[in-house]
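First the structure, in the form of structure tokens, and then the observations on it.
The values are calculated or read from the model by the stated rules, or taken from the named source; none is laboratory data. Please read these numbers as outputs of a predicted model, since none were measured by experiment. Neighbour counts run over all protein chains shown; Cβ positions are idealised from the backbone, glycine included.
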Amino acid sequence: MHKSVRRMLIAAPVTTAACLGLVLTAGAGTSAAAASIHNVNERYAQGSLSYNPYTDDITVKDLKKDGRTFAVSLFGPASDGVHVCKVSGKGKSKTCNFNFNSGRLNVLVFTERGNQHWDIDKFHMDA
């Protein structure tokens, strides 16, 4: 809930600015799809993730010494199957490169230890 509210508060001014920009530049070849693709940076108590849609690089970093792996799973129409990027060890990070198609990606952020799994966040983004 907290992240959803924060995303709406951040997205509202950006969406308004993007709409105004499209109105002001009508006929200039600006595409609404191009305006919606952006870098994603999320931070949680357990770890952080960043995604660059132009290179399809996702970086995950473990921020907590708790014996759990910090991970992100990406799946959906822009993905051929399920892609997972994970790292274990406080302060360690890993960059994974995936070749996504253009479109929507569903994101599941989670931690795991052995065969136990804890969901942290779920959201979608554009690739």
| Of all residues in segment 43-79 being assigned to a strand (DSSP E or B) and among the aromatic types (Phe, Trp, Tyr), the one that is surrounded by the fewest Cβ atoms within 10 Å (Cβ to Cβ) | Phe75
| remark: Condition set farther than 16 Å from Arg113 by Cα, over 12 Å from the mean Cα position of the chain (by Cα) and of a type in the set (Ser, Thr, Tyr), scope segment 44-75, selection modelled with the highest pLDDT: answer is Tyr44
